[in-house]
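Report on the structure given below.
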Amino acid sequence: MATAEAWWKREAPRFLDDALGHINQAREQKNPVDRCNYLFNALNKTYGAFFGAEQAGTRASSRDRREMALIIALFQQGIGEPEQLLLCSSDQVAELACLTPLVMDHDVLRRADYDPESIPVELRDQASIKHAQFKAEHRSYVRNPTLPEARDRLLEQLARLLYLRDRR
């Protein structure tokens with residue numbers, strides 16, 4: 001895998017303008033949902049560039065694991081420690097951890113052929129595991145914000161929660 005410095009310096013001309021444009025648009029939004037949408041677009045641009053730089057000839061059968069590993073690497077290695085600390089300590093991450101109801105993994109729901117009007121409690125719990133794990137790691141980080149291991153675990157769970165696969 002290329003170093004963190006190498007991927008973004010090499011890919012910067014292609015994605016940085018778009019990603020920064022989305023971030024600037026987010027700053028202008030008063031509605032939190034709109035602001036979040038622009039920030040997710042910026043994250044997607046950044047992830048796309050990181051993934052494109054790291055994804056050379058991997059097999060389709062290992063695509064999901066490879067993509068997940070890359071987005072975790074982006075969060076843990078692709079941004080500097082000061083930015084990681086800012087992200088982990090941010091109000092936005094705390095608000096995401098406290099969000100109720102918990103975010104459900106649509107892939108889990110689809111595999112269960114769910115009815116959106118009536119989701120059984122067991123399926124709801126199973127589909128909410130990623131958010132619950134993120135929430136637990138956020139609590140751990142808040143108790144121990146100086147531990148690099150707590151920060152890495154929080155960043156990994158944040159990446160897992162935010163990761164969406166395209167199953168079309």
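Determine which member of the set Glu137, Glu95, Glu149, Glu83 is within 30 Å of Ala49 (Cβ to Cβ), touching an Asp or Glu at 6+ places or on another chain (Cβ under 9 Å) and in a helix (DSSP H, G or I).
Glu137
Return yes when Ile71 is under 14 Å from the mean Cα position of the chain (by Cα) and either at pLDDT 65 or above or loosely packed, with under 12 Cβ neighbours inside 10 Å (or both) and no when it is not.
Answer is yes for this residue.
Identify the residue in segment 1-37 that is modelled with pLDDT of 85 or more and either among the polar types (S, T, N, Q) or on the phi > 0 side of the Ramachandran plot (or both) and, among all such residues, is surrounded by the fewest Cβ atoms within 10 Å (Cβ to Cβ).
It comes out as Asn31.
The values are calculated or read from the model by the stated rules, or taken from the named source; none is laboratory data. Not measured: the values here are computed from a predicted model. Methodologically, a virtual Cβ is constructed for each residue, glycine included, from the backbone with ideal geometry; neighbour enumeration extends over all protein chains shown.
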